[in-house]
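Worksheet: the structure to be examined is printed underneath.
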Amino acid sequence: MIYLNGEFMPIEQARVPVLDRGFIFGDGVYEVIPVYSRHPFRLAEHLRRLQDSLNSIKLANPHDDQTWTRLLTRLVELNGPEDQSLYMHITRGPAKRDHAFPKVITPTVFLMSNPLTTPPQQQINDGVCAITAVDNRWLRCDIKAIALLPNVLLRQEAVEAGCVEAILLRDGFMTEGAASNIFVVRDGVMLAPPKNHLILPGITYDVVLELAQAHGIPYQVREIPEAELRSAQEIWLTSSTKEVLAITRLDDVPVGKGTPGPMFAQMYALYQDFKNRVMRAG
Ligand SMILES: Cc1ncc(COP(=O)(O)O)c(C=O)c1O
């Protein structure tokens, strides 16, 4: 079952007008929230980021957090699996085609849930490969916008190279992945690029930094030049559905020893433990 504009229904019955500004202009924002044991993970943080995205595109939030929580809870119940991936999508709604905002706005609200597919054990054990690519996106990558054409093309480039992610470089510095944040380990220190307009403020990124802080893992938040990425001992990607995953080959060159490193093993264990604790606490 999905939710569309006030109603729960089978996805086959869901219809959106062709003049919806999401369809015409990509004029909307979204969220992806993992659900473990039927509990949405970091829901408050996801709803806060949704609010930030809506503010950035000057679209009023159609619901308060209580209503969102109620709708998402119902969607989780209706869909069944213990672990799910919730997708929230809000557009500026249908209107005569014109770039400027319509005077009267009826936003389109679409929610769906899919079974959560986290990376297979083999990827966790061995790591995955990534390519580098020029970050040719716009300068508001902090907005979780549904207009994802650059990200789509960049991820496709990675897949065509037999890899899972493209790590993006802008003006000689690493920004993030096509659909993930990137961490680097050098000389026993975990490095993360700063949150600014060039990257999406990842919810998983925040969890990893909190865990590093709580467990005394040395870390720095600072810009990461391309050369430091290429000579890193470890590279990780993070996202809500991929959690924390080691990148063990970059542009066909092994990262460090070419296997997931000791700091990855520590962070992976901390992340799983944190997730399980939060879920047990309800
Ligand atoms: C461009 C980009 N950066 C980072 C992330 C990771 O964000 P989160 O940890 O909130 O899933 C995503 C998630 O899909 C993304 O699309």
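Quick notes
- Among the residues of the stretch 205-224, some residue qualifies, meaning at least one is closer than 20 Å to Arg137 by Cβ and of a type in the set (Phe, Trp, Tyr).
- Residue check for Ile124: closer than 20 Å to Leu229 by Cβ, more than 17 Å from the chain's Cα centre (by Cα) and surrounded by 12 or more Cβ atoms within 10 Å (Cβ to Cβ): no
- Criterion: touching a Phe, Trp or Tyr at 6+ places or on another chain (Cβ under 6 Å) and either among the hydroxyl-bearing types (Ser, Thr, Tyr) or crowded, with 19+ Cβ neighbours inside 10 Å (or both) - qualifying residue of Leu111, Leu72, Leu86: Leu111
- Filter result for Pro201 (surrounded by fewer than 21 Cβ atoms within 10 Å (Cβ to Cβ) and within 12 Å of the ligand (Cβ to nearest atom)): yes
- Residues that are of a type outside the set (Lys, Arg), surrounded by fewer than 18 Cβ atoms within 10 Å (Cβ to Cβ) and part of a loop (DSSP other than H, G, I, E, B) were ranked within the stretch 23-56; the one that is farthest from the ligand (Cβ to nearest atom) is Ser37.
- Residues in the stretch 109-123 that are more than 12 Å from Val244 (Cα to Cα) and touching a residue at least 60 places away in the same chain (Cβ under 8 Å): Val109, Phe110, Leu111, Met112, Ser113, Leu116, Thr117.
- Any chance Ile146 is in contact with a Cys (Cβ under 8 Å, 6 or more places away or on another chain) and either at pLDDT 95 or above or within 13 Å of the ligand (Cβ to nearest atom) (or both): no
- Residue that is farthest from the ligand (Cβ to nearest atom) [pool: residues in the stretch 170-185 that are among the polar types (S, T, N, Q) and closer than 14 Å to Ala133 by Cβ]: Thr175
- Filter pass, Asp20 being touching a Ser or Thr at 6+ places or on another chain (Cβ under 7 Å), closer than 30 Å to Arg97 by Cα and either surrounded by 14 or more Cβ atoms within 10 Å (Cβ to Cβ) or free of Cβ contacts under 8 Å to residues at least 40 places away in the same chain (or both): yes
- Condition met for Asp135 (in contact with a Lys or Arg (Cβ under 6 Å, 6 or more places away or on another chain) and surrounded by 13 or more Cβ atoms within 10 Å (Cβ to Cβ)): yes
The values are calculated or read from the model by the stated rules, or taken from the named source; none is laboratory data. Quantities reported herein were computed from a predicted structural model and do not represent experimental measurements. Glycine also receives a Cβ, built like all others from the backbone with ideal geometry; neighbour counts cover every protein chain displayed.
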